[in-house]
1. Can you tell me which residue among Pro103, Pro134 is closer than 18 Å to Gln151 by Cβ and part of a loop (DSSP other than H, G, I, E, B)?
2. Just give me the residues in segment 77-98 being open to solvent by 10 Å² or more (accessible area, probe 1.4 Å) and modelled with pLDDT of 90 or more, in sequence order.
3. Take the residues of segment 99-125 that are open to solvent by less than 40 Å² (accessible area, probe 1.4 Å) and of a type in the set (Gly, Ala, Ser): which is modelled with the highest pLDDT?
4. Could you please let me know if Leu46 is modelled with pLDDT of 90 or more and either open to solvent by less than 80 Å² (accessible area, probe 1.4 Å) or assigned to a strand (DSSP E or B) (or both)?
5. Confirm whether Leu141 is surrounded by 14 or more Cβ atoms within 10 Å (Cβ to Cβ), in a strand (DSSP E or B), among the aliphatic types (A, V, I, L, M) and within 14 Å of the chain's Cα centre (by Cα).
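The values are calculated or read from the model by the stated rules, or taken from the named source; none is laboratory data. If you're wondering where the values come from, they're calculated on a predicted model, not measured in any experiment. Glycine also receives a Cβ, built like all others from the backbone with ideal geometry; neighbour counts cover every protein chain displayed. SASA here: full protein model, heavy atoms, side chains in, ligands and nucleic acids out. Shrake-Rupley method; radii C 1.70, N 1.55, O 1.52, S 1.80 Å.
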Amino acid sequence: MSHLKSIIALAAALALSTAGASAETAHIFWKDLRPATQAVAEDAGLPMIAAKLPDHGETLSIALQDKTIQLAGYALPVDRDGDLVYQFLLVPWTGACSHMPTPPPNQIVLVTPARPYKMAEAYEAVSVTGAMKPDMEKSQLFILDGVSVIQSGYSVRKADVVSVDTVPDSVVLPVNSPWSFLNKKKN
């Protein structure tokens, strides 16, 4: 009987520690990754590119250093083997980096999943949870017309990654944009 009580006590302790951990996770949005004074994509005129910004999008939110965050966005594989993805760029809209100019570094997160993530297609909507590190890092992205070097402003290593239906704060491209066909993938 005391063995059963020990198991129940252990289960209760694990439940409490899990509840505490989830309470410490900050659910952030893309705006939290840039200075409040920086124009959002719609204000800067899509596509929002680093060259249009006074700081080239290199101002990072140091307040996020080592914080456990959860952020939804679109996954663009950097390192993959078939449908298993070992590293990807998390971006705020579909088409970013490969079909249209690259967002500024403070709007790109380099994600390394804790376990390879099975991805059906590029720009799959995902939610990433893990410790945020503000740091400039370059990644090679292999796209149809060659290799592109993409600079990310943040990284999340050993991330938990799950597929989601929508990205709450994603940018919807204007109807007259040549990239508006990418909107259909969002909602």
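1. Details: Pro134 fails: part of a loop (DSSP other than H, G, I, E, B).
On inspection, the qualifying residue turns out to be Pro103.
2. Correct list: Pro77, Val78, Asp79, Arg80, Asp81, Gly82, Asp83, Leu84, Tyr86, Gln87.
3. Step by step, filter segment 99-125, then rank; the result is Ala125.
4. Numbers: modelled with pLDDT of 90 or more: no; either open to solvent by less than 80 Å² (accessible area, probe 1.4 Å) or assigned to a strand (DSSP E or B) (or both): yes.
So Leu46 does not fit the description; no.
5. No; evaluated as a whole, the condition is false for this residue.
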